[in-house]
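The values are calculated or read from the model by the stated rules, or taken from the named source; none is laboratory data. Everything numeric in this text was worked out from a predicted model, so none of it was measured. Note that we place each Cβ from the backbone using ideal geometry, even for glycine, and neighbour counts take in every protein chain shown.
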Amino acid sequence: MEYKDYYQTLGVERNASADDIKKAYRKLVRKYHPDVSKLADADHKTKELNEAYDVLGDPEKRAAYDQLGRGHHAGEQFRPPPDWSQQFDFGGGGADDLFADLFAHVGRGHRARRGGGFQMRGEDIHASIGIDLRDAYHGGSRKVSLRIPRHDAHGRATMQEKTLHVTIPKGVTPGQQLRLAGQGQHGIGGGAAGDLYLEIQFNPDPRYRVEGVQVYQNLPVAPWEAALGASISVPTPSGAVEVSIPPGSQGGRKLRLKGRGIPAKQPGDLYLVLEIVLPPADNARARELYQAMARDLAFNPRTP
């Protein structure tokens, strides 16, 4: 069935106040009332106006309408949640009659939920949270501020500021989602609140590159450390580690430290990527040494 945009029918914005909706309805219904209008479709137009105002003029129905129709546009195919047909008795009407009847029982005595009024679970909210790589190694906490839509007593949508303190568990990976139960949008008619899902993103850090649970870290080394080999202390996300540089190492070589990646259920590895850094030739002695190397080593890096 097609989605009906009641706001468009009444010619008001979605954040219109209850008074604005009432004024728009009264103005249009006077214009199209069959006793006044000579238009051929005046009866049909008046019926549409009444249907729209019956929903938007009632705070509880309006809240349900906004919740169900979020993201839809007039004329689009609309499919309500499957449990709605179980929540309400639509008098045996088929699927094509469902939209017209969808809110007819909201706020009335013959509600279908046993022993109570209309209820709807709030929508889930999806957002992202940036953390440092060290948080994935050691855990941490972050303060998150969100703006969550909520309907006031007049059925008007307002934005509510919400601040949460989120615990970052050790071993999280990029793209992983943290679920905070009940921290999504508020439910309607006492319905349960939705959940908040926070997708983990790592803050950029030029020292590291993360792929799943594997971590790549650039390791600057001096030319003699790469050529002759050396044992050096390397600061890593999990703490300082003594690393042996094999003699004859070239730039780009990867040294694998098993289990030193992100400490997930199956820990990843840490790869140290060697980056040979040349000392500057910014004084006479340094230039003399470089000249001696050029003369004595007869090295041509472009020779196959």
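Say we look at the stretch 1-17 and pick out the residues that are outside any helix (DSSP H, G or I) and free of Cβ contacts under 8 Å to residues at least 60 places away in the same chain; which of these is farthest from Met159 (Cα to Cα)?
The selected residue is Gly11.
For the stretch 258-288, which residues satisfy the criterion of being basic (Lys, Arg), assigned to a loop (DSSP other than H, G, I, E, B) and exposed (fewer than 10 other Cβ atoms within 10 Å of the Cβ)?
Lys258, Lys265
Step by step: first the residues of the stretch 218-250, then only those that are of a type in the set (A, V, I, L, M, F, W, C) and without any contact (Cβ under 8 Å) to a residue 12 or more places away in the chain, then the one that is nearest to Leu278 (Cα to Cα). Which residue is that?
Per the criteria, the residue is Trp224.
Restricting to the stretch 224-283, name every residue that is among the small types (Gly, Ala, Ser) and either under 24 Å from Ala294 (Cα atoms) or in contact with a Gly (Cβ under 6 Å, 6 or more places away or on another chain) (or both).
The answer is Ala226, Ala227, Gly229, Ala230, Gly248, Ser249, Gly251, Gly252, Gly261, Ala264, Gly268, Ala281.
Check whether at least one residue in the stretch 166-178 is of a type outside the set (A, V, I, L, M), at pLDDT 90 or above, within 15 Å of Leu272 (Cα to Cα) and surrounded by 14 or more Cβ atoms within 10 Å (Cβ to Cβ), and report yes or no.
no
Among the listed residues Tyr197, Tyr208, identify the single one that is at pLDDT 90 or above and under 29 Å from Asn15 (Cα atoms).
Tyr197
Can you report the number of residues in the stretch 190-209 which are buried (at least 18 other Cβ atoms within 10 Å of the Cβ) and under 26 Å from Lys258 (Cβ atoms)?
Going through the stretch 190-209 one residue at a time, the tally reaches 2.
Which residues, counting only those in the stretch 289-302, are assigned to a loop (DSSP other than H, G, I, E, B) and either assigned by TED's automatic domain parsing to the domain that holds Leu219 or closer than 17 Å to Ala227 by Cα (or both)?
Listed by number, the residues that qualify are Ala298, Phe299, Asn300, Pro301.
Scan (1) within 16 Å of Tyr65 (Cβ to Cβ); (2) touching an Asp or Glu at 6+ places or on another chain (Cβ under 6 Å) for the single condition Gln8 breaks and write down its number.
Answer for Gln8: the failing condition is (2).
Pick out, from the stretch 191-246, the strands (runs of 3 or more DSSP E) lying fully within it that include 3 or more residues that are touching a Leu at 6+ places or on another chain (Cβ under 7 Å) and farther than 30 Å from Gln67 by Cα.
214-221
Among residues belonging to the stretch 18-64 that are closer than 30 Å to Gly191 by Cα and free of Cβ contacts under 8 Å to residues at least 24 places away in the same chain, point out the one that is surrounded by the fewest Cβ atoms within 10 Å (Cβ to Cβ).
Of everything passing the filter in the stretch 18-64, Asp19 is surrounded by the fewest Cβ atoms within 10 Å (Cβ to Cβ).
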